[in-house]
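Trainee: Before I ask anything, here is the structure I am working with.
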Amino acid sequence: MTDAYVALEGGRVVEARARSPGTTRGELVFTTAYTGYEESLTDPSYEEQILTFSYPLIGNYGVREERFESDRVHPRGVVARDLTEDVVEWLEEEGVPAVDKLDTRDLVTEIRDSGAMKCGIAAGEDVTEQDALDELEQCEHMSDHTEIGDQVTTPETVVYNEGGDGPDVALIDCGAKGSIITSLVERDATVHLMPHDTTEAEVAELDPDVLFISNGPGDPENFDQANELVDDFVGEKPIAGICLGQQVVANALGGETEKMEFGHRGVNQPVRDLRTDRVVMTTQNHGYTVADPGDNLEVTQINVNDDTPEGLENDELDIITRQYHPEANPGPNDSKSFFDDVLAMADETATTTN
Ligand SMILES: NC(=O)CC[C@H](N)C(=O)O
């Protein structure tokens, strides 16, 4: 019996099985990752999106809190071929609707052909096709979620590894994954996780060794204050960024971002470093990209599949950003040395100014 419906932009409705009941809406995206469902489901970058897993069986090794990237599930809904009881229980507790028993290959192919799309879901006893279409009708474009930063940021500054021997990092929380904090703390940095709307005066008072803009959901143009901070501190402090962070840094320094067709979504995205000519496999989940890096940033890494910028740098101004996720979780650890490079910029500045 059909007790769930997935309505796609354009009006097509796909039948499914309800697992975690409810109605929901969001931008329909996918991940091709075959592991790491706990990490993906707790990644704040999926806020206001519905996540489709293309790998057919999700939940086969349980749900463990130590693998979470934040303290809650962020996608508005979950779609998979088969979800295990463990995952369903978790999603029910979190109040996040989930459906399975539908052809996810077909869904992902449709997203790849038509681009990221709006989606409405209705799941549970007595729901109708119309309920899913009503949700779809109310679904907003990602770029219209102008206050999305408020939904994912820390309400106040939190300090990790206070008194550590390494540099002080002001990590501007646009929806930061926990593994970014862990990667810095493992290198003995002190991380000051600060709200996305932190002011220039607040950062100046802290006087960190590095300004780091985190990953995050939605359109980078909706993170005005993070953009301002980059503009305020460029040339004064080393600057780093991951994913949305790279996009914000580019926008702040005269570049431009744009929405991609369906984004980069998986844990096997090949990236070429143009300085060393080496290729690494990377984790990615982004729907916007830097269309023009502007005059201040050199493109040092590109995506092998479509040549889009994956790394931006300015050696003189001490800026280094990545479009992919060096912190992994999920995905390969090939580019963890990014964090060493970030902290080395801080050490160099400390040596030259002392
Ligand atoms: N993971 C991220 O930080 C995603 C960045 C941005 N929200 C995008 O979709 O492009």
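The values are calculated or read from the model by the stated rules, or taken from the named source; none is laboratory data. Since the structure is predicted, the reported quantities are computational estimates derived from the model, not experimental observations. Positions of Cβ are generated from backbone atoms using ideal geometry, with glycine treated the same way; all protein chains shown enter the neighbour counts. These accessible areas exclude ligands, DNA and RNA; they are computed on the full protein's heavy atoms, side chains included. Shrake-Rupley method; radii C 1.70, N 1.55, O 1.52, S 1.80 Å.
Trainee: Using a 1.4 Å probe and counting only protein heavy atoms, arrange 28, 274 so the residue with the most accessible area comes first.
Mentor: So, going from the largest accessible area down, we get 274, 28.
Trainee: Using a Cα-Cα cut-off of under 17 Å, which lysines could be cross-linked to residue 336, ignoring same-chain neighbours fewer than 8 residues away?
Mentor: Cα-Cα hits under 17 Å: 177.
Trainee: Hand me the chymotrypsin sites (Phe, Trp or Tyr not before Pro) from segment 48-130 located in a DSSP loop with no more than 15 other Cβ atoms within 10 Å, in residue order please.
Mentor: Sparse-neighbourhood loop chymotrypsin sites (Phe, Trp or Tyr not before Pro): 61.
Trainee: For segment 195-207, what does the Karplus curve 6.51 cos²θ - 1.76 cosθ + 1.60, with θ = phi - 60°, yield as ³J(HN,Hα) per residue in whole Hz, taken in order and with x for Gly and Pro?
Mentor: Karplus-based 3J(HN,Hα) across segment 195-207 equals x, 5, 9, 4, 8, 4, 4, 5, 5, 4, 5, 5, 6 Hz.
Trainee: Picking from 29, 108, 249, which is most flexible by a Gaussian network model of the chain using Cα springs under 10 Å?
Mentor: Among 29, 108, 249, the largest mean-square fluctuation in the Gaussian network model of the chain belongs to 108.
Trainee: Just to check I understand the Karplus step: with θ = phi - 60° and J = 6.51 cos²θ - 1.76 cosθ + 1.60, what whole-Hz values come out for segment 261-266, glycine and proline as x?
Mentor: Listing the rounded values in order: 4, 9, x, 10, 9, x Hz.
Trainee: Roughly how many Å² of residue 31 are accessible to a 1.4 Å probe, to the nearest 10?
Mentor: Looks like 10 Å² after rounding.
Trainee: May I pose another question? Of the candidates 13, 267, 342, which one comes out as most mobile in a Gaussian network treatment of the chain with C-alpha springs shorter than 10 Å?
Mentor: Highest fluctuation among the options: 13.
Trainee: Per residue, what volume in Å³ does the Cα convex hull of the chain take up?
Mentor: Considering the Cα atoms of the chain, their hull volume per residue is 122 Å³.
Trainee: Amide H to amide H, which residues 5 or more places from residue 52 or on other chains are under 5 Å from it, using H placed in the peptide plane?
Mentor: Long-range HN contacts for residue 52: 29, 30, 31, 79.
Trainee: Sticking with this one: Please identify the GluC sites (Glu not before Pro) of segment 283-354 that satisfy two criteria: DSSP loop assignment and at most 14 other Cβ atoms within 10 Å. Which are they?
Mentor: Hits after loop and neighbour filter: 316.
Trainee: Grab the beta carbon distance between residue 143 and residue 275, set R0 = 41 Å, and tell me the FRET efficiency rounded to 0.05.
Mentor: With a Förster radius of 41 Å, E is 0.80.
Trainee: Sticking with this structure for a sec: Any chance you could tell me what percent of the C-alpha pair distances in segment 4-140 go past 20 Å?
Mentor: Here the tail beyond 20 Å accounts for 36 percent of pairs.
Trainee: Okay, moving on. Can you work out ³J(HN,Hα) from phi for every residue in segment 275-291, in order, using Karplus 6.51 cos²θ - 1.76 cosθ + 1.60 and θ = phi - 60°, giving whole Hz and x for Gly and Pro?
Mentor: 7, 9, 6, 8, 10, 10, 8, 9, 8, 9, 7, 9, x, 10, 8, 7, 7
Trainee: Do any GluC sites (Glu not before Pro) in segment 49-145 lie in a loop, going by DSSP, with at most 15 other beta-carbon atoms within 10 Å of their beta carbon, and if so which?
Mentor: Those that pass, being in a loop and sparsely packed, are 125, 140.
Trainee: So, for segment 4-140, what is the accessible surface per residue at a probe of 1.4 Å, expressed in square angstrom?
Mentor: 42 Å²
Trainee: Here is a follow-up. How big is the accessible area of residue 64 in square angstrom, nearest 10, if you roll a 1.4 angstrom probe over the protein chains?
Mentor: Using a 1.4 Å probe on the heavy atoms, I get roughly 120 Å².
Trainee: Looking at the chain as a GNM with Cα springs under 10 Å, which of 344, 98, 132 has the largest mean-square fluctuation?
Mentor: Per the Cα network of the chain with a 10 Å cutoff, 344 tops the list.
Trainee: Give me the angle, in degrees from 0 to 90, between the Cα long axis of helix 224-233 and the longest principal axis of the Cα atoms of the chain, rounded to the nearest 10.
Mentor: Computed tilt is about 20 degrees.
Trainee: Still on this structure, I have one more. Counting only heavy atoms of the protein chains, get the accessible area per residue of segment 148-353 (1.4 Å probe) and round it to a whole Å² value.
Mentor: Averaged over the residues of segment 148-353, the accessible area is 38 Å².
Trainee: At 1.4 Å probe size, what's the solvent-accessible area of residue 157? Round to the nearest 10 Å².
Mentor: Rounded to the nearest 10, the figure is 70 Å².
Trainee: Ok, one more. For the chain, with all protein chains present and a 1.4 Å probe, just round the carbon and sulfur fraction of the accessible area to a whole percent.
Mentor: Carbon and sulfur together cover 40 percent of it.
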